Structure formats: C-alpha cells, structure tokens
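Encoded as structure tokens, the structure appears first; notes follow it.
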Amino acid sequence: MLLIANYEGRSGTQLAAEFLAKKTNGLRAIIEGIKLVEANLDIHTVGMSSWPNILGELQLDASVMDGNTRRTGAVGALRGFKHPVEVAYRVLSDIHHEILVGEGAERFAHEIGALRAKNETELSLKMWQKHLAEVLTPDQASKFPNLRLLDVKSEAIDPEKMFDTTVYLSLDHEQRISSATSTSGWGWKYPGRLGDSPIIGAGSYADSRYGACACTHTGEMTIRAGTARSVVLYLKMGLSVEDAVYEAARDLTALETGYLAEVTIHAIDKAGNYKVVGLNSSEEIKYVVWQPGMQSPEIHSAEILRL
Ligand code: ASP
C-alpha cells in the first residue's frame, strides 16, 4: 500500500492513510482525504475560500481515475458545490461520460443531490477586490465587468500563492492504483479556463497494471505534453519510476512558446516505488508519503530538476 499527496493536500492525508490501512478501496480513501482539503478554509487553491477568477467567481475543477477499469470522472468550472471531487466521482459512477463542465456539471451536481456551498468567502472576495484595485486602470475600473477581460493584466502575485492544487495517488491492499485531483486552478484566471487537474492524461492518470502520475503547477504545460499519461506509458515501456518522470520532464522542457514555468510531477509504480520531481522550481517542493508501518504520513522533499 502507498499514498502520495502534494503538500497543499496534507490536511487530508491522515484520513486517507487511515482508510487505506483499513483496507478501504483506494479511490474512496483518497476522495475522502481530498474532501477535507476542499473544506479547509486555510487552503486558498482548493475548494472553499479559494482565490476566484477575474470576475470574482470561484470555478472549481476535479478529477478521479480508477486504475483497474480506467474509468474516469471529471468536472470543470463547477460553481456552487462543496466537494467537486465527489461530483467527479459521480461522473465516473453515474453517467456514461467522462467529463462535465460549467452549467452541465452544475445541473448534474444538482440532480445527484451534491452538497451545495457558497465557496466564495469574505476573505476570497476581499483578496479579489484587492487584486482588481491593483491591476485595473481607472478607465477599466469604471467599466468593470463590461470590458475586454483580455486587456486586464491578471497575473499579479497574490498574498499567498497564485496557484496550487491537491493531487493524491494510491496503491491499495488489492493492488488497485487510483488518482484524484481538486483545484480552483489559478487565482484571477480568465473565466472558463481549465487547467490540467480535470484533464485526464495531463494532470493525472492511473493504470493498475503500471502506476499513476499527477502533476501540479503549470497546467498549461502538462496539457500540451500529456504528462501524466506519458509517465504511465514510460512505465509500461519498462522505465523505472525515476526514469519515467525524468523523461516526462524532458518532454516538458522541449515545449516552445506559450506559458512556460514550473511543474511538479508525482508518480508511483505498481511495486510501490515513488518519485516526485519539481521541474525548474524556485523553492523547495514538499510532498506527503504514507506506507504501512508509518504511524502517520511523512513530509518529504522532492528532487529539484533544472533542465
Ligand atoms: N495545475 C493546476 C492548474 O493548472 C494549478 C496548480 O497545480 O498549481 O490549474
């Protein structure tokens, strides 16, 4: 058994580890862990109280994948529900589609009776307003929101971090490998922007025959390189988990133009090996590991790769 999660997701890892230790289905274990992160008001990049888009609306993304069946479920730009990761799971279990976005996702969440929530909080709206005050010219401010959003410089640095996500990978007692993600994407993003977290193959992928991978940070890059799927394919082709991650990192560095920045790649294989690499990261990248024998999940540091 094995659990890997990114540092932003640490508040849910104890619970996910307890579920895994109790021989719960690994996908259910990591969903329950992520739900704690989504409800955590101190994390501003996942679920409630995250930094909203440039219009002040919180649009949330999430995905799940069962590595036994390779069924997936994902939601994009979902508004008004507390647990996007649970809605993503219900896409997997309740409908013959793999991804639902926007109003369709909201309708689906309503029809399955998902828990509603006003995810925008006083704090997240205050930070959004502060951001607008910094980036809008007086003329733009007088017209907002009826202006060309393309002209708004929306990449300012927020008080915490502008983006992050939570990603979890698990290998359970029956050798099932699973992945799950949840995020608000980038603070102040253009409305409707999806990152890699709801895009299976980019931000996450799980196949119980080989392993799983999930990425954080610049989703614009992992979408273009198909990073999570690539790592699992490299495992299939016989590479070790380290070499699979290094190869996917090289694919990312071969991208040209577009928004190029940091990416963190988390990967596990079916034998319970794992590797986490921060590609071109400017600061230390931590992640969480739990394996049987550990009293509680441990915080480790990722290898930083500069390519
Ligand atoms: N990968 C996420 C996205 O692009 C953001 C992050 O992990 O920092 O939406």
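The values are calculated or read from the model by the stated rules, or taken from the named source; none is laboratory data. Nothing here was measured: the structure is a model prediction, and the numbers come from that model. Don't worry about glycine lacking a Cβ; one is built from the backbone with ideal geometry, like all the others, and counts go over all protein chains shown.
Mind checking which residues of the range 291-305 are assigned to a strand (DSSP E or B) and out of contact with any Ser or Thr (no Cβ under 6 Å at 6 or more places or on another chain)? Outline the logic, then answer.
Step one: list which residues in the range 291-305 are assigned to a strand (DSSP E or B), which gives 298-301, 303-305.
Within the range 291-305, Glu298, Ile299, His300, Ser301, Glu303, Leu305 meet the criteria.
I need the strands (runs of 3 or more DSSP E) fully contained in the range 30-124, keeping only those with at least 2 residues that are modelled with pLDDT of 95 or more and among the β-branched types (Val, Ile, Thr). I'd like the intermediate steps shown before the answer.
Values: elements: 60-66, 71-78, 99-101.
Where strands (runs of 3 or more DSSP E) fall fully within the range 30-124 and carry at least 2 residues being modelled with pLDDT of 95 or more and among the β-branched types (Val, Ile, Thr), they are 71-78, 99-101.
Consider Val289 carefully, then state whether it is modelled with pLDDT of 95 or more, in contact with a strand residue (DSSP E or B) (Cβ under 9 Å, 6 or more places away or on another chain) and farther than 18 Å from Ser63 by Cβ. Yes, satisfied. Sub-8 Å Cβ pairs linking a first residue in the range 206-226 that is closer than 17 Å to Thr257 by Cβ to a second residue that is within 16 Å of the ligand (Cβ to nearest atom) and among the aromatic types (Phe, Trp, Tyr), at least 6 apart or interchain, are Thr218/Tyr259; Glu220/Tyr259; Met221/Tyr259, ordered by first then second residue.
Which residues, taken from the range 211-245, are away from the ligand (no atom under 12 Å from the Cβ) and touching a strand residue (DSSP E or B) at 6+ places or on another chain (Cβ under 7 Å)? Scanning the range 211-245 gives Gly211, Ala212, Cys213, Arg229, Val231, Val232, Leu235, Val241, Glu242, Ala244, Val245.
Mind counting the residues in the range 143-195 that are charged (D, E, K, R), more than 10 Å from the ligand (Cβ to nearest atom) and at pLDDT below 95?
Looking only at the range 143-195, we keep the residues that are charged (D, E, K, R), and these are 143, 148, 151, 153, 155, 158, 160-161, 164, 172, 174, 176, 189, 193.
Remaining after also requiring more than 10 Å from the ligand (Cβ to nearest atom): 143, 148, 151, 153, 155, 158, 160, 172, 174, 176.
Now narrow it down to the ones that are at pLDDT below 95: 148, 151, 153, 155, 158, 160.
Total meeting the criteria: 6.
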